[in-house]
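The structure appears below as structure tokens.
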Amino acid sequence: AAFEQLIADYLPLEQAQLVRRAYYYSEQAHYGQTRRSGEPYVTHPLAVASILARMRMDAQSLMAALLHDVIEDTGVNKEDIGAQLGGVSKLTHVEFDSVELRQAENFQKMTLAMARDIRVILVKLADRLHNMRTLGVLNREKIKRIASETLDIYAPIAMRLGMNEVRMEFEDLSLKALYPM
């Protein structure tokens, strides 16, 4: 309900309806999946889309956020998404890596994606921000690795894009995770 109000405040009705369709599609695709915290998986893409909606991002960015894990985590393919959601651009078909890659490889992929469409990196930053906010359920080693990667790669990218609040939150969450005392 809060997300619906958020998008209704600035998106034209037909765009808000497309975003709602993407949400329902994501909800169905992730049906039965849960996060490590035990919450329904759809809470993650919804949180990522909410971060972007607070930045007043366009409908395609919100749809990409809602669908960013559908292709890799479910049996759905790109063509299915295109058929169901008609006017969705290639932005929603970007395959984001949930499998942890080496930092340099990850950085290269983000740079290439950013060269094609800056909104891709904004979705990735929002995805990482929500993951950082919910790190507590992971094992200590994984938390340290993700926090280091966030501090070394994602916080500087946010800074260079002028996203100071996001950068500061990345740094605060990373430092808390790396140095809990």
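Can you give me the % of accessible surface on the range 1-50 that is carbon or sulfur? Probe 1.4 Å, all protein chains present, nothing else counted. Carbon with sulfur: 53 percent of the solvent-accessible area. Accessible surface of the range 118-181, 1.4 Å probe: 56 percent of it comes from carbon and sulfur atoms. A 1.4 Å probe, protein heavy atoms only, puts the accessible area of Val120 near 10 Å². The candidates Phe170, Phe3, arranged from most to least accessible area with a 1.4 Å probe in the full protein assembly, appear as Phe3, Phe170. At full extension, Glu14 and Arg140 could sit 40.9 nm farther apart than now, given 0.36 nm per residue minus the alpha carbon distance. The listed residues Thr150, Thr43, once ranked by accessible area (1.4 Å probe) with the largest placed first, stand as Thr43, Thr150. Modelled spin labels at Ser148 and Arg35, positioned 7 Å past Cα toward Cβ, are 2.5 nm from each other.
The values are calculated or read from the model by the stated rules, or taken from the named source; none is laboratory data. All of these numbers come straight from a predicted model, not from anything done at the bench. Heads up, the Cβs are rebuilt from the backbone with ideal geometry, glycines too, and the neighbour counts pull from every protein chain shown. With ligands, DNA and RNA removed, areas are computed over all heavy atoms of the protein, side chains included. Shrake-Rupley method; radii C 1.70, N 1.55, O 1.52, S 1.80 Å.
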